[in-house]
Each structure stands twice: as C-alpha cells, then as structure tokens.
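Asker: After the structure tokens below, expect a handful of questions from me.
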Protein chains: 4
Amino acid sequence: MLNVAIIGCGYWGNHLVRNFYTSTLWNVKYICDKDKNQLDKISSKYSNITSLTNPEQIFDDATIDAVVIATPVFSHFELAKKSLLSNKHTWVEKPLAASSEEAKELIEIAKSRNLILHVDHTYIYTPAVRKIKELIDNNVLGDMLYFDSTRVNLGLFQHDINVIWDLAPHDISILQYTIGKKPISVSATGKSFYKYNNKDIASISFIYIEFDDGSIAHINVNWMSPVKIRQIIMGGSSKMLVFDDMETVSKIKVYDSGVDFKKREDIYDVLIQYRTGDMYSPAIKNYEALSFECNHFYDSIVKDIETDTNGETGLYVVSILEAADKSLTLGGTPIQI
Amino acid sequence: MLNVAIIGCGYWGNHLVRNFYTSTLWNVKYICDKDKNQLDKISSKYSNITSLTNPEQIFDDATIDAVVIATPVFSHFELAKKSLLSNKHTWVEKPLAASSEEAKELIEIAKSRNLILHVDHTYIYTPAVRKIKELIDNNVLGDMLYFDSTRVNLGLFQHDINVIWDLAPHDISILQYTIGKKPISVSATGKSFYKYNNKDIASISFIYIEFDDGSIAHINVNWMSPVKIRQIIMGGSSKMLVFDDMETVSKIKVYDSGVDFKKREDIYDVLIQYRTGDMYSPAIKNYEALSFECNHFYDSIVKDIETDTNGETGLYVVSILEAADKSLTLGGTPIQI
Amino acid sequence: MLNVAIIGCGYWGNHLVRNFYTSTLWNVKYICDKDKNQLDKISSKYSNITSLTNPEQIFDDATIDAVVIATPVFSHFELAKKSLLSNKHTWVEKPLAASSEEAKELIEIAKSRNLILHVDHTYIYTPAVRKIKELIDNNVLGDMLYFDSTRVNLGLFQHDINVIWDLAPHDISILQYTIGKKPISVSATGKSFYKYNNKDIASISFIYIEFDDGSIAHINVNWMSPVKIRQIIMGGSSKMLVFDDMETVSKIKVYDSGVDFKKREDIYDVLIQYRTGDMYSPAIKNYEALSFECNHFYDSIVKDIETDTNGETGLYVVSILEAADKSLTLGGTPIQI
Amino acid sequence: MLNVAIIGCGYWGNHLVRNFYTSTLWNVKYICDKDKNQLDKISSKYSNITSLTNPEQIFDDATIDAVVIATPVFSHFELAKKSLLSNKHTWVEKPLAASSEEAKELIEIAKSRNLILHVDHTYIYTPAVRKIKELIDNNVLGDMLYFDSTRVNLGLFQHDINVIWDLAPHDISILQYTIGKKPISVSATGKSFYKYNNKDIASISFIYIEFDDGSIAHINVNWMSPVKIRQIIMGGSSKMLVFDDMETVSKIKVYDSGVDFKKREDIYDVLIQYRTGDMYSPAIKNYEALSFECNHFYDSIVKDIETDTNGETGLYVVSILEAADKSLTLGGTPIQI
C-alpha cells in the first residue's frame, strides 16, 4: 500500500476520495480543503482519514508517497510544484496547468527527481476510449483524416475558466491518446454570454486544429445546449468510427464506408442509400474509469514507468487550449503551435 | 393554369418535373437539358411535354409564364437573366447565383420588370421549418442567442462547388427565414481531401457567423461522415429548440430550460440532472415541401407578392457563402459583411 | 411485356398501379373499382389504361395474362377463383383468403391449371427481410428458439377485419419465409374497444405460436399505440437478431450473444454489463419492395416457377390467422393446427 | 435513529446495506448471510456492523426496530413471519411470498400486531413512476384502456424461480400503483429453454390480464433478449403514455392522441401521418429510489401509516404471479382471480 493525500474536496475530489479509499492498493492518509464544510461532509463518510484545511502538513509528511491535486486550475502549478519538490509522486486534475510554460516546468521537475507526474484525463481510462485506441492501433480505420467532436450540455458555467478550458481537455486528450498527431495550428471562435467580475467568459466555442500531416480536428464545446451530446466522429481512409458516449450500449460504431470518388450518377446512388457498408459495434467492458486509473497510477509508481496521461500529455492539451484561447481573443485568427 | 418550362433535368430536376406536372395549377410545356439521355428518361414518363436540348425556344415562347432553372450553380446567373429579360417569372435552384454581385443584378432586373424571382430553398417549405418559424414568431424561445447546425453525410462530392456552396445554403436559408438577423462577420475553416482539375474542393467546413445583436451561428458541413446528421440547436433566452430532421417523429423538440446563473453547488445539481424542464414536441403536418412550394410560387405570381424565399433571401444566403468561402481561403480570418 | 389488370384501387391499389405502370415488363390494360371516384382519381394520372367498375370484361379478355386483386379480404376468394378459372395468373393481396378452406381451393385450381398464384406479402420482398433470410440460411443465428414481434401504431381501425387479420399477416409471412417451421398450436388474447354493426372487432391482440421443434413465436398487434413500433427479435442458439423497421439505417442488428448458463455470480456480471458480445449491422440495399415484387411475379410466370410467396405461403398465414381468431373468441385457449 | 438488521447479502442486499448505512435515519446493527464470504466482502466496507450467519440473534435483540429480508423467495415467508412475531417492522424483497396464502398470513400477523409490513417494489419509488402516478391521478390520460409492458434482457437465469416471478413483479407493482384496477382473469403462455434439477424453468413468458372494467394488461418478460427493453405503453381514452426506462432523458412521453373513429379515408391520412398530436415529456427529478424508499419506510414506522407498497400491494402482485404461473402450466387457459 502507498500513502496518498488528496487536496481539493469538491465535486470531483469526492469521487477521487471514494476511489482511492476503496482501493486495496492505496491508503488515504489526508484529505485537504480550505472549505471546512466540504471537508466535514466527506470525512464523516470515511473513517481514519485526517482532515486538513492547509496542505503544508502533507508536503512535510515523509510517509506520503503521492499527492492528488483536485483544486481549481489556477492553483495547479503552485501546489504541484510544491508536491514534486517534496518528492511526492503527483496526480493533477485536468488541465495540468494554466499555461504551457507552467506545464513544462512541472515536467522538468518531475523528470529531474524521477517522480511520476500524472494528469487526470479520466476519459483515457474509460473502456470505450481504450477500445478506440485498440482499433486505431490495429489500423482498422486506415489513415486518420478528421476528428469531429461535439461536447455540449446545459449549465456548467464556471467563474475561473471558460468553456474551452472546462470541456475541451476531454476531447484533446482523447485526440492525443488515440491519434497522437502533431498540431501545427489552432483557431477558435465562440462567444461569451455573461461576465464574471467584468470579465467575459466564453460559454460556447468552436475549435479547429490542423495537424502536420494535413488531417484536421474540430471541437464544439457549449455550456448552453438543451440536450447533452457527447459525440466524436473519426474519419479514416478505410473506415469511420462514431463514439457516442450518451448511448448506454453500442457506444462505438465502426462503419465500413470509405469515401469513393465516383461519377456524378453514382454519387446520387450513395445519396439515396443511407450508408454503403456494414456497421460493427464492438462489445466494451464495464468498469469505473477512475478506479482503473487509481490502479494504473499505483503501477506506474511501483514499476517506475510513465502513465498513459503523463506530463507530456498534459502539455499537449494545455498547448492547444492556450492557442485556442488566444485565437478566440483574436476573433478566430489561426495560431501556430 | 400557368405555363412553365423546366431547364435542367438532373436529380432535382426530376423532382421538379414530377411536382409541377401533377399540380393542377401548372402546365409543364417544356423540359430542357443538354443531355439527351436525361431528357428521354424523363419525357418517357410524362406525356405532352416538349423536350429541348437548347433553352432558347423557351425564352422566345410568349405563352410561357415561368421558367424553372435547375442547372449547375455557375450557369444560374446567365439563364436567370435571360429568363427575366424575356419577361418570365423565374424560379432558380439554390444557391441563387455564384456571387452576391450576380444575385444583386438578378434582383434589380426582376424588380424593374415586376417579375417574381424565386429561389428554391426547399427547406423553408417543409412543415417542420414552418412550425419552427411559428414558434419563434410567437416568441416561445425568447431572444435568440445561438444557432448551431450539423449537416453531415457520406459521399456527395461535387466537381464544381465545395461543401459550403452545396450544403450550407440549407442552414443559412433556415437561419434567415426563422431568425432573420443581420450578419456582420463570417469566418470559415475546413479542408479539401481531393482535387478536381487541380483545384482543391473543400469537403469539410465549419462556418461561424456573428450577428449585429451579438448572437451567433455555427454550421458544420461535411461530405465525409459515416452517419447522416441533420441537426440544428437553437438557443433562446427562455427556451431552447432542437430540430432533428433524421427523426421520423418528434422532429422538433422544445426544451423548457433557460440557462440560470446559479451558485457552484447548484450548478452541479444541474450537472447530475440531465435537463431541468419539461420538453414539448409539437405535431407537424405531413406534406411534400416541393408540392407546397409549387403552389406558393403560383400564388405569388397571380397575387403579385413576393415568395418566402425571394431574391433578397437568395442574396442573404449567397453573401454568407461568399464570405465563408473567402475566409476559408484565408485560413479562417473573419470577413466583414 | 405481359398484360395485367388491377382490381381494387384503394390505398394499396394505387401503389400497385404505379409500380406495374412504371415497370417495363408489364402493360397495365385495365384498372377496376366499384367506386367511380377512386377510379377517376387514378386514371387521370395514367394514360392508356381502361377503367372499369365491373371486372367481368377482364376475365373475358383473352389478352390479359395476369390479374391483381386488391379488394377487401372477404371478396378475395370469389375474384381469385374467377380469375384462375379464366386462366389468368393471379396476384392476391394479403391475406390470401378469409379461411384456410378457401385458400386450399385456390391452390388446387391454380395447380390444376398450372397457373401462378401469388400472394402479396410485400415484406418478403423488402431488402431487410431478404437479408435476414440470407443470414438465417447461412446459419448465422444457430437454431431458432423464439421470434417476438411488436407491430403497433395509431389508428387503422377497420370495419371488416380485426387487428389480427390486418397486421399479423406481415409477421406470420416473415416468420414463414425466414424460419419456416411447422406450427402445432396457436393461442391469442386481446380486446375489442369498439363495435361495428354490433360486432366486436379486436383492436389489440397478442398471439402465441408453438412449433413442432419446441420453438415459439409471439406477435403483439395493436391499432391503439401512440408510437409506431415495428420490431422483431429473433433468438437463436448462437446469435440473436433484432429487426427494427422504424430505423432509417441499421434496420438489422445481429448480436453475438448466446445465452450461457453460468454460475450465479457470473450471471450478475452479465446483469451489470449490458450486452456480452459485439454487434454487427449489415448494409442493406435500397429499393422499393413492390417494384421488385412486380418483376419477381413476371419472372415466375415466364419461367413457370413459384414465387417466394405462393399459395402455400398464403395458406400458412391464413391457417394461423384462423386459429388465432378462434382462440381469441375462446379467451386464449390454445388451438391445435 | 432506528436500528435495522439486513438478512441476505447478495447483489441486492449490497445495495440495501449501502443505502441504510448512509441514511441518517437508520443504524445498521446486523447483517446476516449464510455465506461467510459474501458477509466478509460487505462488512469490510462498513465499520461497526455485526456480521451473522444465523439470523436468530436478530429476532432476539429487543433493540432492533426493523428487519430487512433480501433472501431467495422461498424463504421470505418463514423469515418474515419470525420477524413479525418478534415484533419487528419488516421489509421484504419482492415478491412478498411464494403464494397468496403466505402473503395473506403475513398481512394478518402484521395487522394484528400493528407492525409495518413493507414490500420492496423499488420501482414504485423511482421518480419516473411517481410522475406517472401523478399524471394519472390528475386524469391526464382519461380512462385507462390498456397497459402493455416489455421487460426483456439477457441472462438472468435463476434456479429457484421462473421469469414470471423474477421480472413481472416490477410491471404488476407499477400497474397496481398507477392504475390499481381489480384483475378478474390472468392467462400466460411461454417457454422454458432449460431445466434445473429436472424442472422446467420458463425463461420467456407473455402474461395477459383482464380487469373488471374491461381494460387489459399485457406483460412480455424474457431472459433471452439481446437488447434490454424496459418499455411500458399505457393507452388512455384521452392521451397515451410511453415509459421507456432505457432512455437517459425523456423517460416519460405523453402523446396527445386519442383514437378517433374516422371514415376510412381519414384513417389513411392517419396512416401516413406518424402521430396526430403534440407530445410532452415532463421533467423528472433525479434521486436514488432505494434511498427514498429507506426514508419512506422510516416515516411509515414513526408515523404509523402504511407504506406505498404494503402487504396488500404485495398480495396483489403475488396473486397475479400465482395465476399466471398456473395458466402457464395449463398452456394459456385463463385463470379467474
């Protein structure tokens, strides 16, 4: 068993505590939150965990192997840096940091001290995304041509970050994990429909990414949609895949349809015929991603190998977020990466 | 009965001939196509129609009241101009013309000769879109904040026009008819995955429009999607609407969910709860849009009033297409309208 | 070309006239209906067809090769008998006759005169049902264990026949064509919610069939359902198939899930996991079943081979309808066949 | 706080322990299971609960207020009887008992000792079913004409009970709670596809119920379906309701469509038009039914009022199960209740 401390006990922190607590690999020694109420609500459910409103004791405790940071984005860098400098393996909520510069510094520190720096891109540990990765690695789709994601739902207005920083990390991390191409330019359009502290905070955004091999990605993120959509279309040269996370079964569908360049007449046959090839929907295992991820983090530490969402992954995501945010401010002008 | 001639007997021309032919208001006197084969296939099905490979006879025939032009886009202007100058009421396939300059000239000629210039934005005559217009006119949705359309499917690669000119006219005409706001800037990103005659022809594009009142529109058009999606989300200040044209029933859903700015804790309640208000799906009549449109065009001529998709509508659409196309070439830089 | 006459110009008769008329294999010489109005509506659309209110001229015309009977069920026997006795190949709407006795007599006459007796079970000529047949013939599903069909929608109250005779022929003909087992007993429950001419006419019914090999079928037919459902589940020993005719794509889904008899603990794993194997949805061609069926009827005549839905098929269907009807009257007591 | 003991720690027992444990109204004093392994797995997660393999200590402990019985059906009667005779309020898993005779005896004992006898028909405590009850109580649907439920999925083969006793209690309890009519006859058909201890155990069944006012119910239960369906259609004289529990949103849809008896011509209009009126889908709260039910049981005890699923409810359900089972054995002959 390794000893872990969890800093930040909000909505997601709660899930983290539950998963680490019920894991047989981890012993949760501390939970920490500035908000005494939050803290008490959680600690009442779990015995033998020490509650703290100040994290310093965690960094000073030599028996702590790993620290989990689930605080607002702006505080990730400071806390993660302290954690790494205290020689703790460090798990940081997505996105890793508020800038790529910060992300790079954290990566450097972790590397120099041979510590695991893990970013909690939970989606990567879902059975569906791992199955997609497997299909792509087996070259089922052929060359990837485009990735088009829609991630919209009602309500999650935030005060500190806009919809890009809130929702797009999911899509970008999936993109990085399954396809992993090098982005060369990013543009973003979008709109803020409210202000917080006199600052516009975009609640709808459309991000467009070009990769070095000519393939593209598009990400539609929206806090104001009446329906919840979690859909990613991946177009490959031989087959195409649709990942619909709102489906209870058949989350992944692979369409045996390439795009053939036919004469006009043929084209209209295709028009009339809804799809041209068979569809296949692989069975997907059923487990909680976060629980899997806790084990993966443990393995990574004891075996001294990087996790599937390491600092570099975090940097990849943050770089694109940063560029998208900048392009948004400029009204959509593409930003080179 | 009015006499009509139909120029262009391809896929859509066929539908036009069938609808005008079975209408009791219209007499189809001529059909015309350069392609003798196309022509013969159609004329064998309908008796008493004269087939022509050259349209000149149509323009010279004083008994012809109206001309329908269903040829490729690049030829719209020339044919429509001739038709109007021959004092024929003129129905032009969407988009009206290849440039806003051309569109303006056609509008001028029609106005000066008091002729009906009608653009075939068929969607506007569907029961679903007319119901949406009715809901918006009755202020069911409140102030319109955003319009987000996805129109993707497999296969329709064209040689003369890209995906913007092919698919986006539908969305822009719906936008114009139901919401009708003044666009001030347009940007578009996207990608060509093939060349024709050494020219790149974009097969995927994402268009972003800002209106003068701060509301926005986003249009995702794609010829390379394994699934056919025809979905428009309209976000209003009081309610939100989803139009899913692939549904056989319940094409329109109105969600009684505004976006309220709550404290963080409340927000997470919303997160867990999928939607916060009732949903209502109005019954929609069942008729063929094109048949309705033929009657509408007839009425417009005999009563001397504009159709719901007149030259100005056509110009609105072409202006946005033109700007989107230009922005696409510039890599997404916004174009002022 | 063969000469055909069509008797009965109601809703379905209209479709028949259109399909025979546009076929290059058939010449529609007569259409016939007692109702002069119905007749005029159709004949105005098609030139060169003689309209009749009395069918006698058809039977007397030696140039007529085939007669299509699309009248109410109670008149099928008399008209089909006359047609066969006049040496015409005969196409009868489903169900073939009002009793199995009648059906048998028609089969006898056709056989003795070497005429084609065809029953219009149109579903059998749909691309989807033909694909299902192909899958079953290739033993994809293994031994068939059960067939469960739901065919419900709003409104189609009839005066002359109940919901069993109206809707169940579709399911029974699909059952016969794809699986083709010998039924040994039939029971039916159900309810009439209105009377016509003081006679109860069941508008909801549930039919249960046992076959000689121990497999079963269940058919749920209902004229009073707010939603239209057209779903058939076929359980085989190795795979299972779902045919959902309301889907625009993926009408057929084959589930790689047999039922394994595991220990209790494993069973609950299955419970939590929604389905245990991959799913596969074959591409299906796109054509109008009735047009295909017209060609098939023609081929059958010129090659002198039975159609896929011959008199025996018609008798199979009628026998089960008859037994179901009888069981319904007896409150659900099983009737041996 | 009241003291509770839970007997039976299988799949559902686990959920019961979790819900009672986290409730602030209940103190879980004992858990009991014959299977030491099961017991240890649970007790390791919760502190301060005494584990027992024999329930006698529970009945002897005067501080125990309530006993929860989550054992196999055949043992319900004996354990519940002991519990009631020990003056404990008693919660029994569905179905209440293995026969209506047993159910009646338990009701008698509870009544004579003024104890709460509660049956765990959890569905009754789901937000969706409570909303349906509210709609029906407000006479939104008019007179109820029919109830048609499909509850099918893969795998849950049981050794002690057949599919009727396993799945149909859900539908019958919903029927009882929302509509509550008096059944007069029950018939059931179905099939066993395997034997256990040489005994056939039906894995597919179709139950048909007639009520004293002429309305009907049909329940389709199946352990061998590749897809999970949880759908109930309720036909009322003024509106119709569809409850689809597999939907994540819009579980309940109310269709503004009665069945009107129109002339034949009108009927075919209905045919073409998929549904005739608006549809409305009420928002439904989001909470765990079992947690709500624990509170409800507590309230019932302290306020001395019956729960919504009391012994009489349990008896209603068992009576129908019993009749269905008998009819199944007789091949579908209706059984009077």
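The values are calculated or read from the model by the stated rules, or taken from the named source; none is laboratory data. Bear in mind the structure is a predicted one, so any value in this text is a computation, not a measurement. FYI the Cβ positions are ideal-geometry reconstructions off the backbone, even for glycines, and counts take in every protein chain you see.
Asker: When the residues of the stretch D:278-310 are narrowed to those that are free of Cβ contacts under 8 Å to residues at least 24 places away in the same chain and not assigned by TED's automatic domain parsing to the domain that holds D:ARG113, which ends up farthest from D:ILE6 (Cα to Cα)?
Answerer: The selected residue is D:ASP278.
Asker: Identify all residues within the stretch D:282-304 that are closer than 19 Å to D:ASN14 by Cα and aliphatic (A, V, I, L, M); write none if there are none.
Answerer: D:ALA289, D:LEU290
Asker: Separate question: B:ASP143: surrounded by 24 or more Cβ atoms within 10 Å (Cβ to Cβ) and either of a type in the set (Asp, Glu) or at pLDDT 95 or above (or both), yes or no?
Answerer: Working: surrounded by 24 or more Cβ atoms within 10 Å (Cβ to Cβ): no; either of a type in the set (Asp, Glu) or at pLDDT 95 or above (or both): yes.
Against the criterion (surrounded by 24 or more Cβ atoms within 10 Å (Cβ to Cβ) and either of a type in the set (Asp, Glu) or at pLDDT 95 or above (or both)), B:ASP143 does not qualify.
Asker: Would you check if C:SER86 is under 21 Å from C:ASN3 (Cβ atoms) and modelled with pLDDT under 95?
Answerer: no
Asker: Being in contact (Cβ under 8 Å) with a residue 12 or more places away in the chain, surrounded by fewer than 24 Cβ atoms within 10 Å (Cβ to Cβ) and within 11 Å of another protein chain (Cβ to nearest Cβ) narrows it down to one of A:ASP160, A:ASP212, so name that one.
Answerer: Exactly one residue qualifies, and that residue is A:ASP160.
Asker: So, B:LEU106, is that one within 14 Å of chain A (Cβ to nearest Cβ) and touching a Gly at 6+ places or on another chain (Cβ under 8 Å) or not?
Answerer: Here the answer is no, as B:LEU106 does not meet what is asked.
Asker: Could you go through the stretch A:113-135 and let me know if any residue there is of a type in the set (Asp, Glu) and in a loop (DSSP other than H, G, I, E, B).
Answerer: no
Asker: Could you count how many residues in the stretch A:9-28 are of a type in the set (Val, Ile, Thr) and part of a loop (DSSP other than H, G, I, E, B)?
Answerer: Residues that pass the stated criteria total 1.
Asker: Hey, D:GLY214 hits all of (1) under 21 Å from the mean Cα position of the chain (by Cα); (2) on the phi > 0 side of the Ramachandran plot but one; which does it fall short on?
Answerer: (1)
Asker: Got a number for residues in the stretch C:220-244 being in contact (Cβ under 8 Å) with a residue 40 or more places away in the chain, over 25 Å from D:ASP256 (Cβ atoms) and at the interface with chain D (Cβ under 10 Å from one of its Cβ atoms)?
Answerer: Total meeting the criteria: 8.
Asker: For the stretch D:194-205, state whether one or more residues are more than 23 Å from C:HIS218 (Cα to Cα), part of a strand (DSSP E or B) and aromatic (Phe, Trp, Tyr).
Answerer: Scanning the stretch D:194-205, I find at least one residue that is more than 23 Å from C:HIS218 (Cα to Cα), part of a strand (DSSP E or B) and aromatic (Phe, Trp, Tyr), so the answer is yes.
Asker: Enumerate the helices (runs of 4 or more DSSP H) found wholly within the stretch D:240-337, keeping only those where 3 or more residues are touching a Ser or Thr at 6+ places or on another chain (Cβ under 8 Å) and at pLDDT 90 or above.
Answerer: Numbers: elements: D:264-272, D:289-303, D:311-329.
It comes to D:289-303, D:311-329.
Asker: Now for a different question. For the structure I just gave you, tell me whether A:LYS181 is within 11 Å of chain B (Cβ to nearest Cβ) and either at pLDDT below 95 or part of a loop (DSSP other than H, G, I, E, B) (or both).
Answerer: Taking the combined requirement at face value, the residue does not satisfy it.
Asker: Take C:ARG151 and decide whether it is outside any strand (DSSP E or B) and closer than 22 Å to C:GLU93 by Cβ. Quick ask: steps written out before the conclusion?
Answerer: Numbers: outside any strand (DSSP E or B): no; closer than 22 Å to C:GLU93 by Cβ: yes.
For C:ARG151, the condition - outside any strand (DSSP E or B) and closer than 22 Å to C:GLU93 by Cβ - is not met.
Asker: Any residue at all in the stretch D:118-139 that is surrounded by 21 or more Cβ atoms within 10 Å (Cβ to Cβ), within 13 Å of chain C (Cβ to nearest Cβ) and not hydroxyl-bearing (Ser, Thr, Tyr)?
Answerer: No, every residue in the stretch D:118-139 fails to be surrounded by 21 or more Cβ atoms within 10 Å (Cβ to Cβ), within 13 Å of chain C (Cβ to nearest Cβ) and not hydroxyl-bearing (Ser, Thr, Tyr).
Asker: Which one is nearest to the other protein chains (Cβ to nearest Cβ) among residues in the stretch C:310-336 that are acidic (Asp, Glu) and closer than 19 Å to D:THR333 by Cα?
Answerer: Initial filter on the stretch C:310-336 (acidic (Asp, Glu)): C:312, C:322, C:325.
Those left that are additionally closer than 19 Å to D:THR333 by Cα: C:322, C:325.
On the way: C:GLU322: 17, C:ASP325: 15 Å.
Checked the stretch C:310-336; the qualifying residue nearest to the other protein chains (Cβ to nearest Cβ) is C:ASP325.
Asker: Condition test on D:MET234, is it in a loop (DSSP other than H, G, I, E, B) and either modelled with pLDDT of 90 or more or among the β-branched types (Val, Ile, Thr) (or both)?
Answerer: For D:MET234, the condition - in a loop (DSSP other than H, G, I, E, B) and either modelled with pLDDT of 90 or more or among the β-branched types (Val, Ile, Thr) (or both) - is not met.
Asker: In addition: Which residues, taken from the stretch C:163-188, are touching a Lys or Arg at 6+ places or on another chain (Cβ under 8 Å) and either surrounded by fewer than 21 Cβ atoms within 10 Å (Cβ to Cβ) or not aliphatic (A, V, I, L, M) (or both)?
Answerer: Passing the criteria: C:PRO169, C:HIS170, C:ASP171, C:SER173, C:TYR177, C:THR178.
Asker: Mind checking which residues of the stretch A:190-209 are under 24 Å from B:GLY332 (Cα atoms), of a type outside the set (Gly, Ala, Ser) and more than 7 Å from chain B (Cβ to nearest Cβ)?
Answerer: Listed by number, the residues that qualify are A:ASP200, A:ILE201, A:ILE207, A:ILE209.
Asker: Test of understanding: among C:ALA98, C:ALA70, C:ALA80, C:ALA66, which residue is modelled with pLDDT of 95 or more, within 27 Å of B:TYR21 (Cβ to Cβ), among the small types (Gly, Ala, Ser) and buried (at least 20 other Cβ atoms within 10 Å of the Cβ)?
Answerer: C:ALA70
Asker: Could I ask something else about it? Yes or no: B:LYS199 assigned by TED's automatic domain parsing to the domain that holds B:GLY332, free of Cβ contacts under 8 Å to residues at least 24 places away in the same chain and crowded, with 19+ Cβ neighbours inside 10 Å?
Answerer: no
Asker: Which residue pairs have Cβ atoms closer than 7 Å, lie 6 or more positions apart in sequence or on different chains, and pair a first residue in the stretch D:1-16 that is under 15 Å from D:VAL73 (Cα atoms) and hydroxyl-bearing (Ser, Thr, Tyr) with a second residue that is surrounded by fewer than 23 Cβ atoms within 10 Å (Cβ to Cβ) and modelled with pLDDT under 90?
Answerer: D:TYR11/C:TYR268
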